[in-house]
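These notes are about the structure you will find just below.
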Amino acid sequence: MRKVMGVLPARARSRAWGRAAAAAGVLLLVAGCGGGGSDKETGAAAPSSGSSAPAGAGAQAEGASLDAAAVTKEIGDAATAAGFTKKASDGVPPALKSCMVDWAVDGEKATDSKKSYDDTVAALAKNGWKESRSFDQKGSVIKSLDKSGWTLKASHHGQGGYITVMFIATDSSPACEKLFQEDLEKSKTTQ
């Protein structure tokens, strides 16, 4: 029987969300602290997001501003057009709602999750999201896409019958980076 994240008990979903949020925070911090270099998987130049520009400055340079609601809509439109259904999730912590979007897929309703994942990423690229990094190994694919000061981690994990597909976007503005750091510090003290 396929184990799908959507059928785990609430306690396991909560732990899974915690791990996903922690991973997103770590990815954000690692990406934000890097001063360049190259992506080991693709050899492409790694983006530097340690900017001191105010929130939305990159978006204005590109002619359009994105907020969490707009990012949610773009991900949702691309994912549902590709055949995905959004899974009800524990949600983003209230303090981070303006800086983070979580769009998890209901794996039970996906007929071909890998094709739908690829179609979603392609639709996002057509909508202006630029791929900056890619990781593909042993049943896991993670792509980083950037647009207007936001970084989207699109992930598909399918190994041993366990399928997880998630789209987690974070605003890389200094104000949001500060909120992520505060949330990370707070979670360290509660463990």
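The values are calculated or read from the model by the stated rules, or taken from the named source; none is laboratory data. Remember, predicted model here, so these are calculated numbers, not experimental data. Because the Cβ atoms are built from the backbone with ideal geometry, glycine has one as well, and the counts that use them run over all protein chains shown. Just so you know, the surface numbers come from the protein's heavy atoms only, side chains and all, with ligands and any DNA or RNA stripped out. Shrake-Rupley method; radii C 1.70, N 1.55, O 1.52, S 1.80 Å.
Evaluation of E182 against the conditions (1) more than 16 Å from E74 (Cβ to Cβ); (2) open to solvent by 20 Å² or more (accessible area, probe 1.4 Å); (3) within 16 Å of the chain's Cα centre (by Cα) shows that the sole unmet condition is (3). Checked against (1) without any contact (Cβ under 8 Å) to a residue 40 or more places away in the chain; (2) farther than 16 Å from G76 by Cα; (3) surrounded by fewer than 18 Cβ atoms within 10 Å (Cβ to Cβ), P93 passes all but a single condition, namely (1).
For the criterion of being of a type in the set (V, I, T), assigned to a strand (DSSP E or B), buried (at least 17 other Cβ atoms within 10 Å of the Cβ) and within 14 Å of the chain's Cα centre (by Cα), V101 passes. S148 meets all of the listed conditions (1) in contact with a strand residue (DSSP E or B) (Cβ under 8 Å, 6 or more places away or on another chain); (2) over 13 Å from G83 (Cα atoms); (3) among the small types (G, A, S) but one, namely (1). The set of residues in the stretch 135-177 that are open to solvent by 40 Å² or more (accessible area, probe 1.4 Å), assigned to a strand (DSSP E or B) and at pLDDT below 95 comprises F135, D136, Q137, H157, Q159, Y162.
Among the residues of the stretch 44-87, those that are modelled with pLDDT under 75, in a helix (DSSP H, G or I) and under 13 Å from T151 (Cα atoms) comprise G58, A59. Residues in the stretch 73-84 that are surrounded by fewer than 17 Cβ atoms within 10 Å (Cβ to Cβ) and touching a strand residue (DSSP E or B) at 6+ places or on another chain (Cβ under 7 Å): G76 only.
Summed over the stretch 114-131, residues that are open to solvent by 20 Å² or more (accessible area, probe 1.4 Å) and either at pLDDT below 95 or part of a helix (DSSP H, G or I) (or both) total 8.
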